[in-house]
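Engineer: I have a structure here, written as structure tokens, and I will follow up with some questions on it.
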Amino acid sequence: MKIGIIFIMLLCIGCSGTQQYSFSIRGNVEGAKYGKAFLLTPKEEVICSTKIDGGDFELRGTLEEPGQYVLRVNRQQFMFFMDGKKMRIECPYRSFSSKYLKGAPANDLSIEYGKLQEDYTAKQEHFFKEYKKAMDAGNQKAADEAMTQVLLVGESEFVLTKEFVREHPDNIFSAYISEKAGRENYTKAKELYELLTPRAQQYSWGRLLKQHLDGLAASAEGLVCPEFTVSDEDGNPVTMNSLKGDILVLDFWASWCGPCRQEMKSLREQYKEFKDKGVRFVSISLDASSEKWKEACKEEDIPWLSTLADGGWDDSEVRKLFGIQSIPHIILVGKDGKIVGKNLRRNLLRDKIIELLNK
């Protein structure tokens, strides 16, 4: 049987300092006597391939590091985490999946973690349904409560992730889930990064997490909100310095972001409640098109200050300054100019505003 062997270097950020990773995957797939087996990147770029002979195949190669890949046999495929040196899969062609792969500890951990997540996923799906039902009924109060529960489940899931990483600090899968969970919050990123072993920190996801950590350092909770400049609807500059003195709710959004515009319905209620109590609301759009931003402003009839950040999503220095990876993203700033919370939403935001007003 011809064996496909290829030596590739994956794109990475800086120098990994790790040795190259050699692997082999032997397979016996019942019902796939002939054809080809492939190892692919997540973008489905071919790393190596080999012919299948009577259901048997073997893929071998060398990569810069373990990671997430796709194994394909004819038309069946699955994505998996690969870190074993000698792996094997035996299964029927119709049931071809990662659960049959042996010899890859990271793949085993991903399956274990997925099972632990099931309860959280079920709870979030339940509250999402409650949220949609409330929105369809025009009940903003019930919608806010349901979405708040979704967010609280997410916080509980972070605790699960942190404990999982603590138990498996040296595996690339832990680096993967740490990067996903810590990419927008300095405290979370720091906690997870410090749990990883030096080796795991040097994997591509560990290095990416460190990039997030460094990028979030200037806008971490407890620090003075960094200076920035945006433009109002008349093109006049608005600076962070000009907004100081009130409790600030900075709402990052874009016209093309459906959840952002749903979030504004909740912010509208909070605006009514707090606008005369020393709380100032400012929306900062990450639209690339000023025309689309202004059109959305009219459609939403935003009653508070609405501004535009230069550069759109891709090139916005303001977005990068705050380490924002997704929107809606709301930042709460106290009267002293210090950041009180990041990515606070719905009733979690309301409760924090009340806490600041009662100080």
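Engineer: Does a label point 7 Å from the Cα of residue 261, set along Cα-to-beta-carbon, have any residues of the range 208-242 with amide nitrogen under 16 Å, and which are they?
Structural biologist: none
Engineer: Can you give the net charge of the other residues whose Cβ lies under 14 Å from the Cβ of residue 72, counting K and R as +1 and D and E as -1?
Structural biologist: Numbers: positive: 36, 43, 51, 75; negative: 44, 45.
Once positives and negatives cancel, what remains is +2.
Engineer: So, one more: Given 25 °C and 0.890 mPa s, how large is the Stokes-Einstein diffusion coefficient of the range 96-139 in µm²/s, with Rh as the Kirkwood radius over Cα pairs?
Structural biologist: 191
Engineer: What is the Cα radius of gyration of the range 113-235 over 2.2 N^0.38 Å, N being its residue count?
Structural biologist: 1.32
Engineer: Considering only lysines 8 or more places apart in sequence, or on different chains, count the pairs in the range 50-138 whose C-alpha atoms sit under 17 Å apart.
Structural biologist: 7
Engineer: Another question, if that's okay. May I ask for the distance between the Cα centers of the range 319-337 and the range 64-124, given as a whole number of Å?
Structural biologist: 36
Engineer: While we're here: In the set (i) 30; (ii) 16; (iii) 38, which value of percent of Cα pairs over 39 Å apart was calculated from the structure you see?
Structural biologist: Entry (i).
Computed from the coordinates by the stated procedures, all read-outs in this text should not be read as laboratory data. All figures in this text were calculated on a predicted structure; none of them were measured in a lab. With ideal geometry, Cβ positions are generated from the backbone for all residues, glycine too; neighbour counts draw on all protein chains shown.
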